[in-house]
Amino acid sequence: IESRFPENMTLINYLYFILCAPSLVYETRFAHTNTIRIGYVLKEFLAFLFCIFAILALMIQFILPVFFTPKSILEDIFRLAVPSLLIWLTGAYGVFHCFLNSFSELFCYGDRVFYKDWWNAGSIGDFWRKWNLPVHEWCLRHIYLESIYYFNVSKNFATAVVFIFSAILHELIVSAGFRVYKPYFFLAMLFQAPLMILNKYLKQSQRMGNMLMWMSLIVGQPLLLVLYFRNWISENGIKSRDDFWCLVQSTSYVFQKGLL
């Protein structure tokens, strides 16, 4: 691939960026490897498939029974805290480590830093900057920096714009998935703003900031599951597992017919 500018602004390079590079930010020169380790590709892809099946098993075994035997919201949050966190961790590992590394190796993509040590984040802000680097770099390049450059706004204002954009995007993804248009995810992310302010008072204590970050994950994940699933089950008239699987099968059938 041509690495000189502007000769590298070609259709081939653009197609490589769109189809082969696991990056959301176009670069005039991507890092490349010289060989493809087929064994590594298969190992990581099989690990990705294992993560998918593990998530499905956790959903069926621990998540769905909670919604078919509902109790108070607080009690359901406690019942879902551990399995929902395990699902989130498994999904993050499967996507950002297994799948993206397998995909990168297959297409000789050399930059393999898709996440950093977010589990050691000393604040919620550090967590958002470390756990999803492809999206973070896109927001940094196309929203944060361009807001400052073109509109001459302050860094704090640009940060707020990025955060609100991310909250809206997360809400759209979750609402489309559940077909329940409630602003729960958006409000949950906005609630993290005062937590970030609290982190500033805890900046001398990385341990306290890290504990606050983990608590937001442990409590926030099951809370959102309870709110969205209860609305989804109520709107679709689901009262048992049989109703749930009938709806899943009918939705899958309609989706497949729509593709055909």
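With the dipole of the chain worked out from charges on the C-beta (+1 for Lys and Arg, -1 for Asp and Glu) around the Cα centre, which of Leu58, Phe48, Phe17 lies farthest toward the positive end?
Leu58
Full-extension gain between Ile52 and Val113, please, as 0.36 nm times their residue separation minus the C-alpha to C-alpha distance. Let's see the in-between values first.
Values: separation 61, 0.36 × 61 = 21.96 nm, distance 2.19 nm.
So the chain would gain 19.8 nm between Ile52 and Val113.
In degrees between 0 and 90, to the nearest 10, how far off the longest principal axis of the chain does helix 73-92 point, with axes built from Cα atoms?
Its long axis makes an angle of about 30 degrees.
GNM, the chain, Cα, under 10 Å: largest mean-square fluctuation among Phe151, Phe103, Phe68?
The residue that fluctuates most here is Phe151.
Using Cα positions and a limit of under 14 Å, work out the aspartates and glutamates in reach of Lys200, with same-chain residues fewer than 8 apart set aside.
The qualifying aspartates and glutamates are Asp126.
In debye, nearest 20: dipole of segment 77-224 around its Cα centre with unit charges on the Cβ of K, R (+) and D, E (-)?
380 debye
Which three semi-axes in whole Å describe the equivalent ellipsoid of segment 92-232, each the square root of 5 times a Cα gyration tensor eigenvalue, listed largest first? Spell out each step's value before the answer.
On the way: eigenvalues 106, 95, 73 Å².
In descending order, the three semi-axes are 23, 22, 19 Å.
Identify which of the listed values of Rg and Dmax of the Cα atoms in Å was calculated from the structure shown: [x] 20.4, 72; [y] 19.0, 60; [z] 21.0, 63.
The listed entry that was calculated here is [z].
Can you give the accessible area of Ser102, probe radius 1.4 Å, in Å² rounded to 10?
10 Å²
So what is the accessible area of the chain per residue, in Å², with the probe set to 1.4 Å? Walk me through the intermediate numbers first.
On the way: 16340 Å² over 260 residues.
Value returned for the chain: 63 Å² of accessible area per residue.
Can you tell me which aspartates and glutamates have their Cα less than 19 Å from the Cα of Lys71? Leave out same-chain residues fewer than eight positions away.
Answer for Lys71, where 19 Å is the Cα cut-off: Glu235, listed by chain and number.
Using a Förster radius of 25 Å, what is the FRET efficiency between Leu140 and Leu15 based on their Cβ-Cβ separation? Nearest 0.05, please.
On the way: r = 25 Å, r/R0 = 0.98.
The value I calculate is 0.50.
In a Gaussian network model over the chain where Cα atoms closer than 10 Å are linked, find which of Pro65, Pro83, Pro22 has the largest mean-square fluctuation.
Taking springs between Cα atoms under 10 Å, the residue moving most is Pro65.
Suppose every Lys and Arg Cβ carries +1 and every Asp and Glu Cβ carries -1, with no other charges. What dipole size does segment 90-140 come out with about its Cα centre, to the nearest 20 debye?
Numbers: 4 positive and 5 negative charges, 16 e Å.
Taking the Cα centre of segment 90-140 as origin, the dipole is about 80 debye.
Whenever you get a sec, line up Cys20, Cys246 from highest to lowest accessible area (probe 1.4 Å, protein heavy atoms). Walk me through the numbers before you get to the answer.
Numbers: Cys20 25, Cys246 85 Å².
Per-residue accessible area, sorted high to low, gives Cys246, Cys20.
Starting from the residue with the highest accessible area, list Lys182, Lys71, Lys130, Lys200 in decreasing order, probe 1.4 Å.
On the way: Lys182 70, Lys71 110, Lys130 50, Lys200 140 Å².
Output order, biggest surface exposure first: Lys200, Lys71, Lys182, Lys130.
Report, to the nearest 10°, how far helix 155-178 tilts away from the longest principal axis of the Cα atoms in the chain, using its own Cα long axis and a range of 0 to 90°.
Orientation of helix 155-178: about 50 degrees from the principal axis.
Which distance in Å, rounded to a whole number, links the C-alpha centroids of segment 114-148 and segment 155-195?
Each part reduced to its Cα centre gives a spacing of 15 Å.
Carbon and sulfur atoms: what percent of the 1.4 Å accessible area of segment 50-179 do they account for?
Working: 5100 of 7220 Å².
Answer for segment 50-179 is 71 percent, counting heavy atoms of protein chains only.
Take every Cα pair under 8 Å in segment 59-174 that's 6+ residues apart, average their separations, divide by the length, and report that relative contact order as a whole percent.
On the way: 59 pairs, mean separation 14.5, N = 116.
Contact order relative to length: 12 percent.
Could you work out how far helix 206-236 tilts from the main Cα principal axis of the chain, as a 0 to 90 degree angle to the nearest 10?
60 degrees
Assuming 0.36 nm per residue, please report the length gained on full extension of the stretch Tyr150 to Ile168 beyond their Cα-Cα distance.
Values: separation 18, 0.36 × 18 = 6.48 nm, distance 2.23 nm.
Extending this stretch completely gives an extra 4.3 nm.
For the chain, what is the charge dipole size about the Cα centre, in debye to the nearest 20, if Lys and Arg each add +1 at the Cβ and Asp and Glu each add -1 at the Cβ? The partial results should precede the final answer.
Details: 21 positive and 16 negative charges, 90 e Å.
Around 440 debye, computed over the chain.
By how many nm would the segment from Ile60 to Glu235 lengthen if fully extended, with 0.36 nm per residue of separation less the alpha-carbon distance? Walk me through the numbers before you get to the answer.
Values: separation 175, 0.36 × 175 = 63.00 nm, distance 2.06 nm.
Gain on stretching Ile60 to Glu235: 60.9 nm.
The values are calculated or read from the model by the stated rules, or taken from the named source; none is laboratory data. Model, not experiment: these values are computed from the prediction. All Cβ positions, even for glycine, are placed from backbone atoms using ideal geometry, and neighbour counts span all protein chains on display. We work out accessible area using only protein heavy atoms, side chains counted, and drop any ligands, DNA or RNA first. Shrake-Rupley method; radii C 1.70, N 1.55, O 1.52, S 1.80 Å.
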